[in-house]
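Encoded as structure tokens, the structure appears first; notes follow it.
The values are calculated or read from the model by the stated rules, or taken from the named source; none is laboratory data. Just so it is clear, the model here is predicted, and its values are computed rather than measured. As a convention, Cβ positions derive from the backbone with ideal geometry for all residues, glycine included, and neighbour counts pool all protein chains shown.
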């Protein structure tokens, strides 16, 4: 199920239903049952209560084994975000890393340009990056030197991390020219089908979190796209 459609479904659930219904366990259970293919439903529904008690290994294992209809799609990026980001990539940059790359859709798209030295990383054991390099690492503890990459991208990852400020600090630390972040524009509910633990309902939440002076932040089809410019004015 592609991102464009799931954003529509999320809007209907989150914005059109009364909260007392929207966040009712019995109302949401059938949706979880379908979305997560009848597997580990109680554990996933109570993720927000469990996730901070897990070890790093348990946390990584949860996401490695998570199976949902979302895993069947090419990318979590919607069409508008992809177009916007590709046009915004710094033409003077030489290297790019996609942090939280998932199945590698965006990193492979960038590598195919044959313009950037392309890297990608995630918690998965292996992701195929044609013409690039994959690293199995945690966004909260990136094993790269300061300013290692001209462009750092991080799409639909920050909503999943346990130590949000630490993850953002790591992204900023390894970026030399440009930091591009995409997160869903989503209000908090306890029962969410996307296994999110962090929420960004308004622009200022994301802008203040990242804290790069020169930036742009746009709402594109239900997702925030933030581009921070580390060495020049925002376009």
Exercise. Answer yes or no: is there a residue in the range 145-162 that is surrounded by fewer than 14 Cβ atoms within 10 Å (Cβ to Cβ), out of contact with any strand residue (DSSP E or B) (no Cβ under 8 Å at 6 or more places or on another chain) and more than 22 Å from residue 95 (Cβ to Cβ).
Key: no
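To keep it simple, each residue is scored yes or no on (1) more than 26 Å from residue 54 (Cα to Cα); (2) assigned to a loop (DSSP other than H, G, I, E, B).
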{"residue": "168", "(1), (2)": "no, no"}
{"residue": "189", "(1), (2)": "no, yes"}
{"residue": "217", "(1), (2)": "yes, no"}
{"residue": "226", "(1), (2)": "yes, no"}
Quiz item: Could you say whether any residue in the range 106-125 is within 24 Å of residue 9 (Cα to Cα) and crowded, with 19+ Cβ neighbours inside 10 Å?
Solution: yes
Quiz item: Can you name the helices (runs of 4 or more DSSP H) wholly within the range 10-102 that have at least 3 residues being modelled with pLDDT under 95 and surrounded by 12 or more Cβ atoms within 10 Å (Cβ to Cβ)?
Solution: 56-65
